[in-house]
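Below is one structure, written out as structure tokens, with a few remarks after it.
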Amino acid sequence: MKSLMIQGTSSGSGKTTLVTSLCRIFSDKGFSVAPFKSQNMSNYAYQTNDFEISRAQAIQAIAARCEITPDLNPILLKPLGNYYSDVYLNGILFKKMHASEYYKKFVTTKGLTIATKSFKRLQRNHDLIILEGAGSPAEINLQKFDIANMKMAEISNSSVLLISDIDRGGSFASIVGTMSLLEKKYQKLVKGFVINKFRGDINILKPGFKKIKEITNRPVLGTIPMTNLDLPEEDSLNGNDKKMTWNKKNLVKIESEIDKLSKLVKSNLNIAEIERMIS
């Protein structure tokens, strides 16, 4: 089965947006697609009477036109403050856990096992899984405990696209720095880069693209322009999002915004090359 993973140079780099758009693009191409994020920290959830997962993966499932199930986000962390979170496993509240317990005793044993089983179930039922990482894969103080980025890329045998938010500044340095901090075996999984939230003349960036290719031996596969999208935020990082109601009116609006996003991404990224790198 085929898979592709989107990782970022930082939180808020555009991973969720890119996964959402690619889910719709490849669904439109006839693939049976599903999104997957092994571990997500967010207080914004999609809730049913039976389970609860991150809202972001539910919206990505809408983009992919697949069923919303707990396997899309097998581990959900709902922050409580003071380093505590409510931990949901396969959509069900497991327990309140301190960060030290989660990272040192749980994440690389039971957590990784749960995530892997969910991914494999999705694989059996879909042509293509598009995985989303969390934060950055180059947090060297956390790499030992990181089951959301390169460990999942390795387990799933996924090519990785690395996305960076140029509106924040320092995008080229972030890309090179991220690559240099990755282990050699993980560097090999990264096949290309995407620049997000660019405003201005694309020709201004081209010397930077050339330099990035010279340093990393990997291409920039496109630049997503800055645009206003009316899709719910993944988490409370921006502090201005509201609880979403999953009614027909909102779902129609989400579908419209997903189509708008996917057209923008399709016209600005080398989708043919991305499809070739899918393994």
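Mind listing whichever residues of the range 149-182 are open to solvent by 30 Å² or more (accessible area, probe 1.4 Å) and either of a type in the set (Val, Ile, Thr) or farther than 25 Å from Ile75 by Cα (or both)?
Ile155, Ile166, Asp167, Arg168, Gly169, Gly170, Phe172, Ala173, Ser174, Val176, Ser180, Leu181
Hey, among the residues in the range 16-60 that are out of contact with any strand residue (DSSP E or B) (no Cβ under 6 Å at 6 or more places or on another chain) and of a type in the set (A, V, I, L, M), which one's nearest to Ile114 (Cα to Cα)?
Ala56
Is it true that some residue in the range 56-63 is assigned to a loop (DSSP other than H, G, I, E, B) and either touching a Pro at 6+ places or on another chain (Cβ under 9 Å) or at pLDDT 95 or above (or both)?
Within the range 56-63, not a single residue is assigned to a loop (DSSP other than H, G, I, E, B) and either touching a Pro at 6+ places or on another chain (Cβ under 9 Å) or at pLDDT 95 or above (or both).
List the residue pairs whose Cβ atoms are under 9 Å apart, where the first residue sits in the range 196-220 and is touching a residue at least 60 places away in the same chain (Cβ under 8 Å), the second is of a type outside the set (A, V, I, L, M, F, W, C) and open to solvent by 70 Å² or more (accessible area, probe 1.4 Å), and the two are 6 or more positions apart or on different chains.
Going by the 9 Å Cβ cut-off, the qualifying pairs are Asn196/Asp167; Lys197/Asp167; Lys197/Arg168.
Given the conditions (1) of a type outside the set (Val, Ile, Thr); (2) surrounded by fewer than 22 Cβ atoms within 10 Å (Cβ to Cβ); (3) assigned to a loop (DSSP other than H, G, I, E, B), which single one is not true for Ser136?
(2)
Do you know which residues across the range 26-40 are under 27 Å from Thr108 (Cβ atoms), assigned to a strand (DSSP E or B) and either open to solvent by less than 20 Å² (accessible area, probe 1.4 Å) or touching a Ser or Thr at 6+ places or on another chain (Cβ under 7 Å) (or both)?
Of everything in the range 26-40, those that are under 27 Å from Thr108 (Cβ atoms), assigned to a strand (DSSP E or B) and either open to solvent by less than 20 Å² (accessible area, probe 1.4 Å) or touching a Ser or Thr at 6+ places or on another chain (Cβ under 7 Å) (or both) turn out to be Ala34, Pro35, Phe36, Asn40.
Against the condition on the phi < 0 side of the Ramachandran plot, buried (at least 23 other Cβ atoms within 10 Å of the Cβ) and touching a residue at least 24 places away in the same chain (Cβ under 8 Å), how does Leu72 come out, does it pass?
Criteria met by Leu72.
For the range 94-120, name all the residues that are in contact (Cβ under 8 Å) with a residue 24 or more places away in the chain, open to solvent by 50 Å² or more (accessible area, probe 1.4 Å) and among the aromatic types (Phe, Trp, Tyr).
Within the range 94-120, just Tyr103 meets the criteria.
Check Met1 against each of (1) aliphatic (A, V, I, L, M); (2) modelled with pLDDT under 95; (3) within 16 Å of the chain's Cα centre (by Cα) and name the one condition it does not meet.
Only one criterion in (1) aliphatic (A, V, I, L, M); (2) modelled with pLDDT under 95; (3) within 16 Å of the chain's Cα centre (by Cα) is unmet by Met1, namely (3).
For the range 1-25, name all the residues that are closer than 15 Å to Pro137 by Cβ, small (Gly, Ala, Ser) and open to solvent by less than 10 Å² (accessible area, probe 1.4 Å).
If the condition is that a residue be closer than 15 Å to Pro137 by Cβ, small (Gly, Ala, Ser) and open to solvent by less than 10 Å² (accessible area, probe 1.4 Å), then Gly8, Ser13 are the ones that fit.
Within the range 215-235, is there a residue that is open to solvent by 80 Å² or more (accessible area, probe 1.4 Å) and at pLDDT 95 or above?
Yes, the range 215-235 contains a residue that is open to solvent by 80 Å² or more (accessible area, probe 1.4 Å) and at pLDDT 95 or above.
Does Asn49 qualify as being of a type in the set (S, T, N, Q) and not in a strand (DSSP E or B)?
Yes; evaluated as a whole, the condition is true for this residue.
For the range 81-93, how many residues meet the condition of being touching a Lys or Arg at 6+ places or on another chain (Cβ under 7 Å) and surrounded by fewer than 19 Cβ atoms within 10 Å (Cβ to Cβ)?
Within the range 81-93, residues that are touching a Lys or Arg at 6+ places or on another chain (Cβ under 7 Å) and surrounded by fewer than 19 Cβ atoms within 10 Å (Cβ to Cβ) number 2.
The values are calculated or read from the model by the stated rules, or taken from the named source; none is laboratory data. Just so you know, these numbers come straight off a predicted model, no measurement behind them. Here the Cβ is made from the backbone with ideal geometry for all residues, glycine too, and neighbour counts use every protein chain on show. The protein model used for the area step is the full one, side chains on, heavy atoms only, and it has no ligands, DNA or RNA in it. Shrake-Rupley method; radii C 1.70, N 1.55, O 1.52, S 1.80 Å.
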